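The values are calculated or read from the model by the stated rules, or taken from the named source; none is laboratory data. From a predicted model like this one, the values you see are computed outputs, not experimental measurements. When we count neighbours, we look across all protein chains shown, and the Cβ atoms used for this are built from the backbone with ideal geometry, even at glycine. Ligands, DNA and RNA are stripped out before the accessible areas are found, and what is left, the full protein with its side chains, is counted by its heavy atoms. Shrake-Rupley method; radii C 1.70, N 1.55, O 1.52, S 1.80 Å.
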Amino acid sequence: MATLLDGRRLAAEIERRLGAVISDGLEVAGRAPGLAVLRIGDDPASGVYVANKEKACDRVGIRSHGGHLAADTPAGEVLALIRRLNADPTVDGILLQLPLPQGLAEEPLLAAIDPDKDADGLHTLNLGRLLKGERGPRSCTPAGVMALLRCADVPISGAQAVVVGRSILVGKPMALMLQAADATVTVAHSRTHHLWEVTRQADLLVVAAGRPQLIGAVHVKPGAVVVDVGIHRVDGRLCGDVNYETVEPLASAITPVPGGVGPMTVAMLLVNTVVAWCHRHGLDHPLADLLP
Ligand code: NAD
């Protein structure tokens, strides 16, 4: 039976650590860390994600500076708000909840966020910092995967890792983080021929394809560690990109959906915010193990 890579449990442990870092630093900083989550429009899934992020902030003692703008807010107004938050000394992290309503371009708005307040780790400068191995906020989902692997003592150095998916949000930064941890990394994508031949090479398989149950037993080498980033609602039930029932008996360790990568993504958003707060106030923090 595969070891369960339990994201809910690890996220709760990280939240406890963050709570302790915040209470230790509060006196010197003179204020709690602040995270601004900007939601534009009424996408219902985004509403749930934003509410979850705000609840997580409350649990650890991060002040959330919520901002919910109408779907028809002009880009200039959103930009002006981002600039105000950039200049606000009580805000350590800014997150623009995606997707944006039609008509609002993501790129200029994401680019306007102060890179040192980029709680999502998706700013061009921060992706460049990741590429070069420089310090900076890391993309939350792949950083969450790295934390899950490290917590379970999954051997990464020298491992053959395959990442399915090459998005800027997950696949690309995931591949960079695994490479930085000395894995030998292959990236597969929608144009890859004979996907199963590639994925069967993996000691460590990370799937972020956005295709429900794409990966079955035929794709997995016995004993592999399997991380499922995908999340879908199919016939009213949540599932991932991996067919859990057929893959779990083969894998040595596997993430569940839900309860695997999802909670880790939120935890890493909090980590980026608290680390930015520590830097701003010259505080040491014991969170380096969470910054791949
Ligand atoms: P995306 O659509 O931007 O990218 C998907 C990638 O998968 C692409 O690079 C594409 O080439 C590749 N792909 C698509 N079909 C494929 C196939 N048949 N074979 C091989 N590769 C294929 O998606 P994304 O933003 O990277 O997200 C991927 C999944 O992860 C989605 O289900 C998304 O909802 C989920 N997600 C979950 C979290 C979380 O916190 N759990 C966070 C981000 C994304």
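So which of 223, 236, 282 ends up being away from the ligand (no atom under 12 Å from the Cβ) and modelled with pLDDT under 95? Being away from the ligand (no atom under 12 Å from the Cβ) and modelled with pLDDT under 95 holds for just one of 223, 236, 282, which is 236.
The residue of the stretch 145-186 that is farthest from the ligand (Cβ to nearest atom), among those that are touching a Gly at 6+ places or on another chain (Cβ under 7 Å) and either closer than 19 Å to residue 122 by Cα or basic (Lys, Arg) (or both), is 180.
Of the residues in the stretch 164-197, how many are surrounded by 18 or more Cβ atoms within 10 Å (Cβ to Cβ), among the hydrophobic types (A, V, I, L, M, F, W, C) and part of a helix (DSSP H, G or I)? So the answer is 6.
Would you check which residues across the stretch 229-266 are acidic (Asp, Glu) and open to solvent by less than 30 Å² (accessible area, probe 1.4 Å) and list them? Write out each step before concluding.
Taking the stretch 229-266 and keeping what is acidic (Asp, Glu), we get 235, 241, 245, 248.
Selection gives 241 alone.
Scan the stretch 110-163 for residues that are part of a helix (DSSP H, G or I), open to solvent by 30 Å² or more (accessible area, probe 1.4 Å), over 23 Å from residue 40 (Cα atoms) and among the aliphatic types (A, V, I, L, M) and jot them down. 125, 127, 131, listed by residue number.
Counted as qualifying within the stretch 201-255 are the strands (runs of 3 or more DSSP E) with 1 or more residues that are touching a residue at least 60 places away in the same chain (Cβ under 8 Å) and under 20 Å from residue 173 (Cβ atoms), namely 204-207, 225-228. When the stretch 63-95 is filtered for residues that are in contact with a Ser or Thr (Cβ under 6 Å, 6 or more places away or on another chain) and either outside any loop (DSSP other than H, G, I, E, B) or aliphatic (A, V, I, L, M) (or both), only 93 remains.
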